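K.L.:
Pasting a structure below so you can have a look.
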Amino acid sequence: MAIKVGVIGAGGMLQYHAAGFRQAGAEIVAVADAAPGAAARAAEKYGIATSYESVEAMLKGSPEIKAVSVIVPNKFHKPLAIQCLKAGKHVFSEKPPALNAKEVKEIIAAAEKAGKKVLFNFNNRARPESQAMMKYIKDGVVGKINSAQAKWIRRTGIPGFGGWFTTKELAGGGALIDLLHMVDLAMYFMGYPEPAHVMGQVFTDFIQDKQFKGPWGIPDRVGGTTDVENAAHGFVTFKTGQVLSLQVSWAEMIKREEVSVVFQGTKAGGKVERLFGIDGLDNTAIDTCELYVQENGNSVNRSITVPACEDMGRIGSATNFIEAIEGKAAALNTPEQALRLMQVIDAIYASAKNGKPVAI
């Protein structure tokens, strides 16, 4: 019998969640959104039978729901995840997992008490490039990854001014917490080691500059709050001796948008990269996946060919959530990994604030 899913939030990511759930054979039976009319419009657009204007109404009115996806501003990730877990539902939440590590611990406790799965939409793990690279890593081709460099950098990518993205109370931060995917992917490749020390800095030089607005048409909110960073840089040491440097930005003086993880292992190095022709537009991007090895005294660079995936694994990630519930596939991520990721994010913000390295 098909797993029945309810969706909270009628925003743009719904298109990928819906496609992924249906690809896995699940049935989306309801959508809820507090904005008047938003759920009804989404229900019509995506062929969903029932719409609600509150989560409480959906949980009460559609008790057959077994799993819920959460597509809302960051501040509401934790309370909605916990509300749905307490109602006995599996949860698939958009990133970031929560506003901070403390909130992730609360989600973990609720999931354990409910005996339900919680997955987060770290969709870049589901990209064909990432899965191909992970197979080489698991097969021992790379050896131990000593060091990695994670980047999600944009020249023009501020997602509107004065809206929830630029309001720290609602988002938890700016570019760093929004574009944490490559930090996650690097740690995924590294075996998700436990962080030890973190040093970081954030920059706000361009956060009020309309020249750096992204191309998605997100409206500015006149009189709204803009109190987050446009760029963050950091360095992480792990208890395993591994190290990670990171660069994340919505707006920075670079050539063009780059999304990449580069790493150096004891047997091979590698790179997973997406370069954008136009910042923010996936259909202008070029993907590469490479391994770097020494063979017979020669430096050999291997180009790994995988199927194209314009959506950066978003559909595949949602598919994995359903398959993980059904026991057909291993979950692509765990709440414990999300906790370590948010410990790093928290520490970068703390280090930037106090000007000192932070021990975790």
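K.L.:
For the list (1) touching a residue at least 40 places away in the same chain (Cβ under 8 Å); (2) open to solvent by less than 30 Å² (accessible area, probe 1.4 Å); (3) closer than 30 Å to I207 by Cβ, I need the number of the one condition that R314 fails.
P.N.:
Every listed condition holds for R314 apart from (2).
K.L.:
Right, something else. Please find, within segment 165-180, the residue that is farthest from Q337 (Cα to Cα) out of those that are in a loop (DSSP other than H, G, I, E, B) and under 11 Å from the mean Cα position of the chain (by Cα).
P.N.:
Among them, the one singled out is L179.
K.L.:
Also, quick follow-up: Do we have A251 as in contact with a helix residue (DSSP H, G or I) (Cβ under 7 Å, 6 or more places away or on another chain), assigned to a loop (DSSP other than H, G, I, E, B) and not β-branched (V, I, T) here? Write out each step before concluding.
P.N.:
On the way: in contact with a helix residue (DSSP H, G or I) (Cβ under 7 Å, 6 or more places away or on another chain): yes; assigned to a loop (DSSP other than H, G, I, E, B): yes; not β-branched (V, I, T): yes.
Criteria met by A251.
K.L.:
For segment 4-52: of the residues being in contact with a helix residue (DSSP H, G or I) (Cβ under 6 Å, 6 or more places away or on another chain) and in a loop (DSSP other than H, G, I, E, B), which is nearest to A126 (Cα to Cα)?
P.N.:
Selected residue: A24.
K.L.:
Of everything in segment 247-268, what is open to solvent by 10 Å² or more (accessible area, probe 1.4 Å), closer than 19 Å to G157 by Cα and under 19 Å from the mean Cα position of the chain (by Cα)? Give them in sequence order. Can you show your working first?
P.N.:
Our first condition is that a residue be open to solvent by 10 Å² or more (accessible area, probe 1.4 Å); within segment 247-268, this holds for 247, 252-256, 258, 262, 264-267.
Subsequent filtering for residues that are closer than 19 Å to G157 by Cα retains 247, 252-256, 258.
Q247, E258 - these are the residues of segment 247-268 that are open to solvent by 10 Å² or more (accessible area, probe 1.4 Å), closer than 19 Å to G157 by Cα and under 19 Å from the mean Cα position of the chain (by Cα).
K.L.:
If I ask for residues that are open to solvent by less than 70 Å² (accessible area, probe 1.4 Å) and under 15 Å from L244 (Cβ atoms), which ones from segment 325-341 would you list?
P.N.:
Q337, L341
K.L.:
Related question: Spot the failing condition for E56; the list is (1) open to solvent by 50 Å² or more (accessible area, probe 1.4 Å); (2) of a type outside the set (K, R); (3) in a loop (DSSP other than H, G, I, E, B), and only one is missed.
P.N.:
(3)
K.L.:
Taking the condition of being closer than 17 Å to Q247 by Cβ, open to solvent by less than 20 Å² (accessible area, probe 1.4 Å) and either assigned to a strand (DSSP E or B) or touching a helix residue (DSSP H, G or I) at 6+ places or on another chain (Cβ under 6 Å) (or both), how many residues in segment 190-209 meet it?
P.N.:
Qualifying residue count, segment 190-209: 2.
K.L.:
Can I ask one more? I218 versus (1) in a strand (DSSP E or B); (2) touching a Pro at 6+ places or on another chain (Cβ under 9 Å): which is the lone unmet condition?
P.N.:
For I218, the exception is condition (1).
K.L.:
Any residue in segment 242-264 that's more than 21 Å from E229 (Cβ to Cβ): show its pairings with residues that are aromatic (F, W, Y) and in a strand (DSSP E or B) at Cβ separation under 8 Å, as long as the two are six or more apart or on different chains.
P.N.:
Listed pairs, sorted by first residue: V243/F235.
K.L.:
Among A42, A18, A10, A38, which is in contact with a Phe, Trp or Tyr (Cβ under 8 Å, 6 or more places away or on another chain), at pLDDT 95 or above, at negative phi and buried (at least 17 other Cβ atoms within 10 Å of the Cβ)?
P.N.:
Details: A42 fails: in contact with a Phe, Trp or Tyr (Cβ under 8 Å, 6 or more places away or on another chain); A10 fails: in contact with a Phe, Trp or Tyr (Cβ under 8 Å, 6 or more places away or on another chain); A38 fails: in contact with a Phe, Trp or Tyr (Cβ under 8 Å, 6 or more places away or on another chain).
Selected residue: A18, the only one of A42, A18, A10, A38 that is in contact with a Phe, Trp or Tyr (Cβ under 8 Å, 6 or more places away or on another chain), at pLDDT 95 or above, at negative phi and buried (at least 17 other Cβ atoms within 10 Å of the Cβ).
The values are calculated or read from the model by the stated rules, or taken from the named source; none is laboratory data. Since this is a predicted model, take the numbers as computed values, not measurements. Don't worry about glycine lacking a Cβ; one is built from the backbone with ideal geometry, like all the others, and counts go over all protein chains shown. Heavy atoms of the whole protein, side chains included, go into the accessibility calculation; ligands, DNA and RNA do not. Shrake-Rupley method; radii C 1.70, N 1.55, O 1.52, S 1.80 Å.
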